[in-house]
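Down below is the structure, laid out as structure tokens.
The values are calculated or read from the model by the stated rules, or taken from the named source; none is laboratory data. Just so we're clear, the structure is a prediction, and the values are computed from it rather than from any experiment. Cβ coordinates were reconstructed from backbone atoms using ideal geometry, including for glycine residues, and neighbour counts include every protein chain displayed.
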Amino acid sequence: MLNIPGLAGIIVFYFLILAIGVYAAWKRRNKGGDSDEVMLAGRSIGPFVGVLTMTATWVGGGYINGTAEKVYDKGLIWCQAPFGYALSLAVGGMFFAKPMRKAGYVTMLDPLQNAFGRRMGGLLYFPALMGETFWSAAILSALGSTLAVILDIDNTVSILVSAAIAVAYTLFGGLYSVAYTDVVQLFFIFVGLWLSVPYSMTNEAVGSLALNETNWLGSIEPSSPEWGLWIDYWLLLICGGIPWQVYFQRVLSSRSPRHAQILSYTASFGCIISAVPACIIGAVAKATDWSSTTYGHEPEGYQVKLVLPLVMQYLTPSWVAFIGLGAVSAAVMSSADSSVLSASSMFARNIYKNVFRQQASEVEVIWVMRAAIVVVAAIACTIGILINSIYYLFKLCGDLVYVILFPQLLMVVHFREYVNTYGSFVAFCLGFLVRLLGGEPYIGVPPTIHYPFFDETTGQQNFPFRTVAMLVSLSSLILFSAIAKALFTRGVLPARYDICRCFDLLPRHKDELEELASSTLTRTAQLPSGKEDSSPLKAAEKNLYKPRPEENGNGPIV
């Protein structure tokens, strides 16, 4: 039966969020002609709003619903996603936030396109797009299940309406609207979750939370082969949680590189704190005698993803459940709007403008971004409706980001001189292939490679095979970049085969070469005694080959 009071409450909440988003967009109406203004809020996000919007972005519906689901299903020890992603913020702040913000990039793909060319950078957009889309799908799925339980609203309808609200204010306000709605949404998340905890814990249907009576902690046997899988997920979440535009959009919108670092560290702490009430709710669900509630039976199968809304609905008073529902709705929209904006920003700037229409105006780029927002939101809605497990979506979105994007971004930001387009393409292909050969049973991809400790019964890989795929991608990026550089700069392959134009292999003018030889002779004559005095001509010849200068900030044309 439709819950009329609850429906009225959620409509009021949605209008409140929409009004805040529209108001934020209206305040910046005179600055909307610049794509940087829409994508990065004019790089004017201060520390306070920055921390709140970063925290709210990660603490989405998948974050809190998936956390409760996993604690109930397998225990806290297997609930790695929220804590792994929180730690990734700290690692990102330590190694990536400052150099990325200092360079003044607009999207995460900018350094990749600068290093590898427009088209290779465009290819790297696809794993980023899949990550953002699966992330949005996870959180929309979380909201659909929550509204279905508490308000008795159809899952599909709730997902579509929520996505439409988030898209509406994101379309015209960009990051500025997203950031300011995040501040309000994070407040609802914090209050709604913590208010649900004491009421649910004191319900008469809930037993003791002592570990000897309710093993909410979970366990892994010391000799269990699952340790490899457990370690694999930790590495995936920490390292794979870095190359996300939704993260770098906040970093790059900060007022300074130092603010970007502070934002990352503080948001990491905020994300861990926000996961605590969801963990407690999952433990409460595990300690509950569900047969003594009006629900009547233990959640199982697809119902496991409903654990958090079930606790709110059946173990707390109605008014608390409504506030908790506001918390979940806030969490969903605070993440959904950020993800669709991130994926759309990369498409408009790095694909449409950099690859297809370099002469596109700022207004044209903005309208392409708005169209992309609608398309990405529609795809995320479809996936969220069709796939059951919230927590699985939550982790799956990081797989290709970890395997493909993390090695490429790491090398480009910190070791640019060791990589080029040839290595990038080979690394993309090999990383994707090795990951695919490891299998993914949930989407029907059987494992072709059986790594050590493979479980023949369940088809589960218990070896850190995702990390193996990432290391293959990283090592092939370095190795094949070095091979390509050696082949071309040493003249093994003629210049006409440098199809990616990574190297300027045309000899310099004769006068320039003679001048270079003369200057080299002067320098070598001044070497301290005992040092090898190499031939000036040889030294000049070594400089015949030089990396091609970046063209208009877009690197080599690939």
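What the table shows:
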quantity	calculated
Filter result (assigned to a helix (DSSP H, G or I) and either surrounded by fewer than 13 Cβ atoms within 10 Å (Cβ to Cβ) or out of contact with any strand residue (DSSP E or B) (no Cβ under 7 Å at 6 or more places or on another chain) (or both)) within the range 310-322	L310, V311, M312, Q313, Y314, S318, W319, V320, A321, F322
Residue in the range 163-177 that is at pLDDT 75 or above and of a type in the set (F, W, Y) present	no
Number of the condition not met by V307 [criteria: (1) surrounded by fewer than 23 Cβ atoms within 10 Å (Cβ to Cβ); (2) closer than 23 Å to I10 by Cα]	(1)
Any helices (runs of 4 or more DSSP H) falling wholly within the range 115-234 and containing at least 3 residues that are among the aliphatic types (A, V, I, L, M) and under 27 Å from A24 (Cα atoms)	125-150, 155-201
Tally of residues being surrounded by 17 or more Cβ atoms within 10 Å (Cβ to Cβ), of a type outside the set (F, W, Y) and either under 16 Å from Y125 (Cβ atoms) or in contact with a Lys or Arg (Cβ under 6 Å, 6 or more places away or on another chain) (or both) across the range 341-378	20
Filter result for K70 (touching a residue at least 60 places away in the same chain (Cβ under 8 Å) and surrounded by fewer than 19 Cβ atoms within 10 Å (Cβ to Cβ))	no
Selection from the range 246-284 of residues that are within 25 Å of P127 (Cα to Cα) and of a type in the set (D, E, K, R)	R250
Out of Y105, Y85, sole residue that is of a type in the set (F, W, Y) and more than 30 Å from G282 (Cβ to Cβ)	Y105
Test: residue in the range 448-455 that is in contact with a Phe, Trp or Tyr (Cβ under 8 Å, 6 or more places away or on another chain), within 30 Å of P222 (Cα to Cα) and not hydrophobic (A, V, I, L, M, F, W, C)	yes
Answer from S475, S481, S529, S518 - the residue that is at pLDDT below 50 and either over 30 Å from V401 (Cα atoms) or not in a loop (DSSP other than H, G, I, E, B) (or both)	S529
Single residue of A115, A103 found to be out of contact with any strand residue (DSSP E or B) (no Cβ under 9 Å at 6 or more places or on another chain), at pLDDT 90 or above and surrounded by fewer than 20 Cβ atoms within 10 Å (Cβ to Cβ)	A103
Qualifying residues in the range 248-295 (those that are among the polar types (S, T, N, Q) and farther than 22 Å from A56 by Cβ) - the one surrounded by the most Cβ atoms within 10 Å (Cβ to Cβ)	T288
Condition check for K305: in a helix (DSSP H, G or I), at pLDDT 85 or above and not polar (S, T, N, Q)	no
Any hit, the range 275-290, residues being outside any helix (DSSP H, G or I) and over 30 Å from P47 (Cβ atoms)	yes
Test: residue in the range 338-349 that is at pLDDT 85 or above and out of contact with any helix residue (DSSP H, G or I) (no Cβ under 6 Å at 6 or more places or on another chain)	yes
Exclusive hit being buried (at least 19 other Cβ atoms within 10 Å of the Cβ), in contact (Cβ under 8 Å) with a residue 24 or more places away in the chain, under 30 Å from H414 (Cβ atoms) and of a type in the set (V, I, T), set T489, T467	T467
Any chance I165 is crowded, with 23+ Cβ neighbours inside 10 Å, out of contact with any Cys (no Cβ under 7 Å at 6 or more places or on another chain) and β-branched (V, I, T)	no
Pairs where the first residue, in the range 130-144, is assigned by TED's automatic domain parsing to the domain that holds A372 and buried (at least 24 other Cβ atoms within 10 Å of the Cβ) and the second is among the aromatic types (F, W, Y) and assigned to a helix (DSSP H, G or I), C-beta under 7 Å, 6+ apart	A138/F394
Check on Y247, in the same structural domain as P309 (by TED's automatic domain parsing), under 26 Å from G282 (Cβ atoms) and assigned to a helix (DSSP H, G or I)	yes
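For every residue, the table says whether it meets (1) part of a helix (DSSP H, G or I); (2) of a type outside the set (G, A, S); (3) buried (at least 23 other Cβ atoms within 10 Å of the Cβ).
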| position | (1), (2), (3) |
| --- | --- |
| I404 | yes, yes, yes |
| P407 | yes, yes, yes |
| V413 | yes, yes, no |
| G423 | yes, no, yes |
| A427 | yes, no, yes |
| L433 | yes, yes, no |
| L436 | yes, yes, no |
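Rundown of residues vs (1) modelled with pLDDT of 85 or more; (2) more than 23 Å from the chain's Cα centre (by Cα), yes/no style:
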site: I20; (1), (2): no, yes
site: A25; (1), (2): no, yes
site: G33; (1), (2): no, yes
site: E37; (1), (2): no, no
site: A41; (1), (2): no, no
site: A56; (1), (2): no, no
site: T67; (1), (2): yes, no
site: L87; (1), (2): yes, no
